[in-house]
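Reviewing the structure listed below.
The values are calculated or read from the model by the stated rules, or taken from the named source; none is laboratory data. Please read all numbers here as calculations on a predicted model, not as lab measurements. Glycine also receives a Cβ, built like all others from the backbone with ideal geometry; neighbour counts cover every protein chain displayed.
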């Protein structure tokens with residue numbers, strides 16, 4: 001090689017070597033920058049892509065009756081879900097997934113969009129509570145859509161079915177309105193109480209979700225765990241309900257519509273509350289089928305209505321004790337005032353009939369209550385102003401909600417001049433003839449069964465106004481013992497003992513010589529008042545017999561027992577069932593006999609081990625094995 005060529009070659013080789021070394025140095029610098037200077041940053045990014053934080057849903061607290069029987073439990077269920085970071089973005093993929101799951105594509109797309117837009121929340125649940133067939137289908141679908149996963153989560157179980165559906169309520173996913181109203185309180189996908197005590201007691205029943213850190217592969221499958229924070233279950237809640245008494249009340253209705261309430265006279269605790277027709281909360285845990293929608297949401301009998309706290313019924317003759325109180329306190333009558341009943345009486349040019357066409361003859365107040373004489377109370381009402389009746393109703397707690405710890409309680413309707421002016425602006429004047437009808441619990445007056453039961457509880461306790469409630473206490477997580485909650489405060493109405501004595505005697509005579517003598521018991525002294533509330537006008541009894549079932553009178557019975565030392569007060573309403581003595585009073589008799597006799601002679605077995613529970617299936621013990629004990 002010539003010297004000149006050799007020199008050129010060496011120069012080119014040197015330039016090449018310099019370029020190579022420059023490249024190597026550049027690579028080293030870049031590598032050092034990535035691996036040393038930005039090591040922590042990229043390590044965190046890699047960890048975020050491979051290590052995921054998964055929420056562990058906390059089980060809701062159990063719900064027990066006052067004796068420790070489980071009314072609501074939890075069990076493990078398997079759900080098909082999409083983790084939030086795996087939500088598909090392509091419309092075609094969403095449409096294919098919807099077709100595979102037999103879902104509405106538009107609805108699924110909207111839900112995915114909501115979950116993607118939310119800043120936090122649980123996975124999107126596509127299919128809940130999967131059985132073996134569902135699991136097999138999910139595995140096939142996951143082969144096409146690897147972003148799907150299956151998660152174990154707690155699921156509510158309502159052990160009594162329809163036994164206490166309206167009382168317990170049900171749970172469901174938090175709605176958009178609640179999320180907007182309480183963005184810091186709820187998160188997307190959270191399961192909360194939607195109705196009944198599940199809703200009103202949600203703060204006690206809900207737990208605190210846990211979380212776990214897991215390593216996932218490129219398919220999103222868990223390959224390793226980096227530890228977890230266990231969820232904290234919700235509190236186990238004792239309710240004041242007695243499951244055995246609740247079962248008696250449920251069985252007594254036998255398909256008839258209506259409601260019943262039994263109150264504990266010690267503190268106002270609700271021992272039983274049933275609304276018929278009832279519903280099974282288990283059916284509302286999944287996506288509703290058309291059959292369920294038709295049966296419960298489109299049924300003209302309105303099974304979702306809690307008649308015990310939302311049904312407003314003309315109280316009929318069960319309202320007469322309040323009229324008596326108003327008249328005695330006003331001084332327009334005395335207990336010895338005698339009024340003659342000829343079977344009818346004319347007031348303001350209109351003839352008002354008594355239920356006994358031939359008349360009762362001369363009656364004092366006790367006899368008038370016992371025989372439920374309408375003419376007597378028509379006459380008493382004519383001596384009162386409607387605002388006098390309203391004032392008495394207000395004094396004894398009938399013009400406001402009872403305050404029971406359930407959502408959506410309605411207020412009873414007690415008419416007054418101010419009420420009429422607001423309710424009927426076109427004809428705001430109150431007419432004296434309207435007061436006559438109110439005197440026998442008809443016309444504009446309407447009470448909820450819970451309000452009626454509370455009123456008779458006031459009579460039973462000689463004037464103490466109790467607040468009906470369901471919350472009894474919490475179970476101590478360490479000892480398993482019941483920690484009683486203080487009951488709501490009691491208001492003393494100042495009922496005159498002399499007035500109470502007259503009413504007590506009258507209500508005693510109702511059951512032992514009056515309209516409800518057929519339900520008198522030898523072993524328990526029950527007192528109460530029958531009521532037959534007219535639903536539609538009729539000319540005579542022959543006309544009434546021809547009326548359709550839904551136009552028949554409502555039957556009512558309210559009272560307390562035992563008379564000597566009252567323990568319970570109750571109110572029963574049976575819709576379109578005729579006379580209170582024939583339909584409602586026998587139900588009350590069963591309730592009183594169970595509470596005062598059967599419960600003591602044949603007590604339910606303790607709620608642990610294999611012994612039978614009130615629902616006819618093996619009873620379940622508390623999770624820690626502790627007995628419930630009777631408070």
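Here are some notes:
- Just one of the listed residues (297, 322, 271, 283) is touching a residue at least 24 places away in the same chain (Cβ under 8 Å) and more than 19 Å from residue 506 (Cα to Cα), namely 271.
- Qualifying positions in segment 158-195 - more than 15 Å from the chain's Cα centre (by Cα), within 22 Å of residue 76 (Cβ to Cβ) and part of a strand (DSSP E or B): 173, 191
- Evaluation of residue 308 against (1) out of contact with any helix residue (DSSP H, G or I) (no Cβ under 6 Å at 6 or more places or on another chain); (2) touching a residue at least 12 places away in the same chain (Cβ under 8 Å) (one fails), failing number: (1)
- Here residue 218 meets each of (1) assigned to a strand (DSSP E or B); (2) modelled with pLDDT under 80 with one exception, condition (1).
- Any hit, segment 570-582, residues being at pLDDT 95 or above, in a loop (DSSP other than H, G, I, E, B), more than 28 Å from the chain's Cα centre (by Cα) and closer than 29 Å to residue 467 by Cβ: no
- Residue 321 being modelled with pLDDT of 95 or more and either under 42 Å from the mean Cα position of the chain (by Cα) or surrounded by fewer than 15 Cβ atoms within 10 Å (Cβ to Cβ) (or both): yes
- Matching helices (runs of 4 or more DSSP H) fully within segment 362-419 where at least 1 residues are closer than 30 Å to residue 472 by Cα: 386-395
- Number of residues in segment 379-400 that are touching a helix residue (DSSP H, G or I) at 6+ places or on another chain (Cβ under 8 Å), within 19 Å of residue 451 (Cα to Cα) and touching a residue at least 24 places away in the same chain (Cβ under 8 Å) equals 8.
- Residue 149 vs. criteria modelled with pLDDT of 90 or more and either surrounded by 15 or more Cβ atoms within 10 Å (Cβ to Cβ) or closer than 30 Å to residue 275 by Cα (or both): no
- When residues in segment 508-523 are screened for being buried (at least 18 other Cβ atoms within 10 Å of the Cβ) and either in a loop (DSSP other than H, G, I, E, B) or more than 35 Å from the chain's Cα centre (by Cα) (or both), 4 of them pass.
Okay, residues lined up against (1) at pLDDT 95 or above; (2) within 22 Å of residue 508 (Cα to Cα); (3) in contact with a helix residue (DSSP H, G or I) (Cβ under 8 Å, 6 or more places away or on another chain); (4) crowded, with 22+ Cβ neighbours inside 10 Å:
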| position | (1), (2), (3), (4) |
| --- | --- |
| 331 | yes, no, no, no |
| 344 | yes, no, yes, no |
| 348 | no, no, yes, no |
| 357 | no, no, no, no |
| 365 | yes, yes, yes, yes |
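- Answer residue from segment 492-507, given it is within 35 Å of the chain's Cα centre (by Cα) and part of a helix (DSSP H, G or I) and is surrounded by the fewest Cβ atoms within 10 Å (Cβ to Cβ) among those: 500
- If you check 535, 511, 502, 527 for being under 16 Å from residue 318 (Cα atoms), at pLDDT below 95 and touching a helix residue (DSSP H, G or I) at 6+ places or on another chain (Cβ under 8 Å), only one passes: 535.
- Annotation note: of 263, 205, the sole residue that is buried (at least 22 other Cβ atoms within 10 Å of the Cβ), over 20 Å from residue 304 (Cα atoms), touching a helix residue (DSSP H, G or I) at 6+ places or on another chain (Cβ under 6 Å) and at pLDDT 95 or above is 263.
- Matching option when the condition is surrounded by fewer than 20 Cβ atoms within 10 Å (Cβ to Cβ), in contact with a strand residue (DSSP E or B) (Cβ under 6 Å, 6 or more places away or on another chain), in contact (Cβ under 8 Å) with a residue 60 or more places away in the chain and within 30 Å of residue 71 (Cα to Cα), among 449, 488, 468: 488
- Those residues of segment 108-134 which are closer than 17 Å to residue 92 by Cβ, under 31 Å from the mean Cα position of the chain (by Cα) and surrounded by fewer than 16 Cβ atoms within 10 Å (Cβ to Cβ), in sequence order: 110
- Check on residue 71, over 22 Å from residue 224 (Cα atoms), touching a strand residue (DSSP E or B) at 6+ places or on another chain (Cβ under 6 Å), surrounded by 11 or more Cβ atoms within 10 Å (Cβ to Cβ) and at pLDDT 75 or above: yes
- Any chance residue 183 is out of contact with any helix residue (DSSP H, G or I) (no Cβ under 7 Å at 6 or more places or on another chain) and free of Cβ contacts under 8 Å to residues at least 40 places away in the same chain: yes
- For the condition surrounded by fewer than 22 Cβ atoms within 10 Å (Cβ to Cβ), within 20 Å of residue 580 (Cα to Cα) and in contact with a strand residue (DSSP E or B) (Cβ under 6 Å, 6 or more places away or on another chain), residue 397 does not qualify.
- All of 440, 450, 436 fail the test of being modelled with pLDDT of 95 or more, assigned to a helix (DSSP H, G or I) and more than 23 Å from residue 490 (Cα to Cα), apart from 436.
- Close pairs (6 angstrom Cβ cut-off, 6 or more residues apart or separate chains): free of Cβ contacts under 8 Å to residues at least 40 places away in the same chain in segment 358-374, buried (at least 24 other Cβ atoms within 10 Å of the Cβ) and part of a helix (DSSP H, G or I) anywhere: 363/376
- Taken together, the residues in segment 411-423 that are surrounded by fewer than 23 Cβ atoms within 10 Å (Cβ to Cβ) and either farther than 19 Å from residue 314 by Cα or in contact (Cβ under 8 Å) with a residue 60 or more places away in the chain (or both) amount to 4.
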